[in-house]
Amino acid sequence: MFADLHLHTRFSDGTYTPEELVAEAHRQGFVTLSITDHDTVEGCPAMARACAEHGLQFIPGVELTAEYEGLEVHILGYGFDPGHPELLEQMDRFQAVRQQRIHEMVARLNEMNIPLPVERVFALANCRSPGRPHVARALVEAGVCRDLDEAFERFLKKHRPAWVPKWKVSVPEAIRLLHRAGGVAVLAHPGLYYADPVLPDLVRAGLDGIECFHTKHTPTVTERYLALAGRYGLVVTGGSDCHGYNKGQPLLGSIRLAPEFVERLQHRIAARRAECSMKGS
Ligand code: AMP
Ligand code: ZN
Ligand code: FE
Ligand code: FE
């Protein structure tokens, strides 16, 4: 009966293919899945096919890295048209920024006499939306670091020597983009950054929902955001944020979102779609 609406695949920094992820989720008894790769919707068609083969419900998804008043905020998009031309154009732009950032991060490492070839990072990433986890994997493979945590701690975390700031879309722009593509916008894992003071602003900007259930939320944090969702009339979502074998065991199964929340999300998506088709006609 349950859903996982926050999953990463090899199209960004996860280690599963959409097919592997769906097979494993099906084995665990999930009935509804989304895919929320960073700044790409490329995995949606394969995920949709795999879900259909296993008789699972699929909701197109994405996780956009955005920013609001200097704070990095992740915005989950659901239910949009994965072939929407403007959405695809913007994804290309976000991916170009990510690729450029990989070059800059590796250049910093090379300046520190760490002879990591940038080609190796891109080969390991093997996707259009690479990120720091791919640099970390290359550092581990090269024997520079023992594990991904060490790579982040020594080099890649904010303000560490190989960290490079990244241009990000603003949250209101991200919300508008998702809306124009026929989708809804959900604040991802609010417990991981202190976004509470700006929540009223984000709601005014059109935010539709809030991810209350997340692997890294304690029960207290989940309760707090469930209350805020009620106060602001936001839909509630949840997911494991599984990245496969990126960090220890896969997180798939750690969050099982109840069907009532999926139903409310689907209603919100249907309302958005109706609004889009009215505007389009
Ligand atoms: P980026 O999008 O390039 O800024 O990279 C962010 C990604 O790095 C997120 O998806 C996190 O899951 C991942 N990440 C952050 N810290 C760590 C860490 N200590 N170990 C492994 N992955 C991490
Ligand atoms: Zn990630
Ligand atoms: Fe995130
Ligand atoms: Fe995520």
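The values are calculated or read from the model by the stated rules, or taken from the named source; none is laboratory data. Please read all numbers here as calculations on a predicted model, not as lab measurements. In this analysis, Cβ positions are derived from the backbone assuming ideal geometry, glycine residues included, and neighbour counts consider all displayed protein chains. Just so you know, the surface numbers come from the protein's heavy atoms only, side chains and all, with ligands and any DNA or RNA stripped out. Shrake-Rupley method; radii C 1.70, N 1.55, O 1.52, S 1.80 Å.
Extending each Cα 7 Å along its Cβ direction at ASN110 and ALA271, get the distance between those two points in nm, one decimal.
5.2
When only Cα pairs under 8 Å and 6 or more residues apart are kept, what is the percent relative contact order across the chain?
Worked out over the chain, it gives 22 percent.
How large is the translational diffusion coefficient of region 203-243 in µm² per second when you combine the Kirkwood radius over alpha carbon pairs with Stokes-Einstein at 4 °C and 1.567 mPa s? List each step's numbers first, then the result.
Details: Rh = 10.6 Å.
Translational D for this selection: 123 µm²/s.
Treat each spin label as a single point 7 Å out from the Cα along the C-beta direction, and report the GLU19 to ALA96 distance in nm.
Taking the simple label geometry, GLU19 and ALA96 are separated by 3.3 nm.
Within the chain, which is the longest segment containing none of the chymotrypsin sites (Phe, Trp or Tyr not before Pro) that sit in a DSSP loop and have at most 13 other Cβ atoms within 10 Å?
1-166
Once you treat every alpha carbon in the chain as an equal point and sum by Debye, what is log10 I(q)/I(0) at q = 0.10 Å⁻¹?
-0.51
As a test, work out the antiparallel percent of DSSP beta bridges whose residues both lie in the chain, rounded to the nearest 5.
45
What shape does region 1-87 take by its C-alpha gyration tensor, where a ≥ b ≥ c are the square roots of the eigenvalues and a/c under 1.5 counts as rounded, a/b above b/c as prolate, and the rest as oblate?
Details: a/c = 1.99, a/b = 1.72, b/c = 1.16.
Verdict is prolate for region 1-87.
If the cut-off is 16 Å between C-alpha atoms, which lysines fall inside it for LYS247, apart from same-chain ones fewer than 8 positions away?
LYS247 reaches LYS157, LYS216.
Using just the alpha carbons, could you tell me how many Å³ per residue the convex hull of region 161-258 encloses?
Roughly 149 Å³ of hull volume per residue.
By how many nm would the segment from ALA258 to GLU141 grow when fully extended, if each residue of separation counts as 0.36 nm and the alpha-carbon distance is taken off? Intermediate values should be presented prior to the final figure.
Numbers: separation 117, 0.36 × 117 = 42.12 nm, distance 3.95 nm.
That works out to 38.2 nm of additional length.
Across region 1-43, what fraction of all alpha-carbon pairs, as a whole percent, falls in each successive 10 Å bin from zero upward?
32, 55, 14
Accessible area per residue, 1.4 Å probe, Å², for the chain: what's the number?
Per-residue value: 44 Å².
Mind pulling the angle between the C-alpha long axis of helix 219-232 and the longest principal axis of the chain? Nearest 10 degrees, somewhere in 0 to 90.
50
Extension gain GLU150-GLU53, at 0.36 nm per residue separation less the Cα-Cα distance, in nm? Each step should come with its number before you reach the end.
Working: separation 97, 0.36 × 97 = 34.92 nm, distance 3.96 nm.
Net length gain for the segment: 31.0 nm.
For region 1-148, what value does the Rg/Rh ratio take when both radii are computed over Cα atoms and Rh is the Kirkwood radius, given to two decimals?
Rg divided by Rh gives 1.02.
Express in nm, to one decimal, how much length is gained between TYR194 and LYS158 on full extension, taking 0.36 nm for each residue of separation and deducting their alpha carbon distance.
So the extension gain works out to 11.3 nm.
Where the accessible area of the chain is counted over protein heavy atoms with a 1.4 Å probe, how much of it, in %, is carbon and sulfur?
54
So the label point goes 7 Å from the Cα of GLN249 along Cα→C-beta, right? Which residues of region 14-33 then have their backbone N under 19 Å from it?
15-16, 21-30
To test your reading of the geometry: what angle, between 0 and 90 degrees and rounded to tens, separates the Cα axis of helix 44-54 from the longest principal axis of the chain?
Rounded to the nearest ten degrees, it is 60.
If you consider only alpha-carbon coordinates, what radius of gyration and Dmax does region 201-281 have, in Å?
Just the Cα atoms of region 201-281 yield Rg and Dmax of 15.2, 49 Å.
Over region 148-216, what is the relative contact order in whole percent, taking alpha-carbon pairs under 8 Å and six or more residues apart?
Relative contact order comes out at 28 percent.
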